[in-house]
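Have a look at the structure below, then the notes.
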Amino acid sequence: MRARDKAAVSALRATLAALDNAEAVPPQEAELRGGAIEHSPVGAGATEAVRRELSEREVVDIVRAEATERLDAAAQLTAPAHADRAARLRAEAAVLLRFLDGPGAA
């Protein structure tokens, strides 16, 4: 990362966002409370939403889906004018697949 590998940074940021989105609790499942303002929670973290905890399998599936999405998009960019974009998408997918295929992979 110190070399400012733009493909790696882009892939990791997008994947972290996808993981963060997957941890969100759908609004219909969130506890909706109504009532008087004096019954509202107070203090640091009082307004934090409850998050789901993803299993290792779910994390692996999300990372794999992000890599697949990039490879599919790269395959659709066949025009010579899009060669740079396709190469960048393939590089991003390679970064993500390295995490899945590396030591400790599920």
(request) Just order 11-24, 73-86 by mean Cβ neighbour count inside 10 Å, highest at the front, would you? (result) 11-24, 73-86
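Mind checking the per residue accessible area of region 59-106 for me, 1.4 Å probe, whole number of Å²?
Details: 3000 Å² over 48 residues.
I get 63 Å² per residue for this part.
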(message) Can you tell me, using C-alpha contacts under 8 Å and at least 6 residues apart, the relative contact order of region 47-93 as a whole percent?
(response) 36 percent
(request) Report the calculated FRET efficiency for residue 81 and residue 57 (r = Cβ-Cβ distance, R0 = 25 Å), to the nearest 0.05. (result) 0.05
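The values are calculated or read from the model by the stated rules, or taken from the named source; none is laboratory data. Not measured: the values here are computed from a predicted model. Cβ: placed from backbone, ideal geometry, glycine included. Neighbour counts: every protein chain shown. Keep in mind that these areas ignore ligands, DNA and RNA; they rest on the heavy atoms of the full protein, side chains included. Shrake-Rupley method; radii C 1.70, N 1.55, O 1.52, S 1.80 Å.
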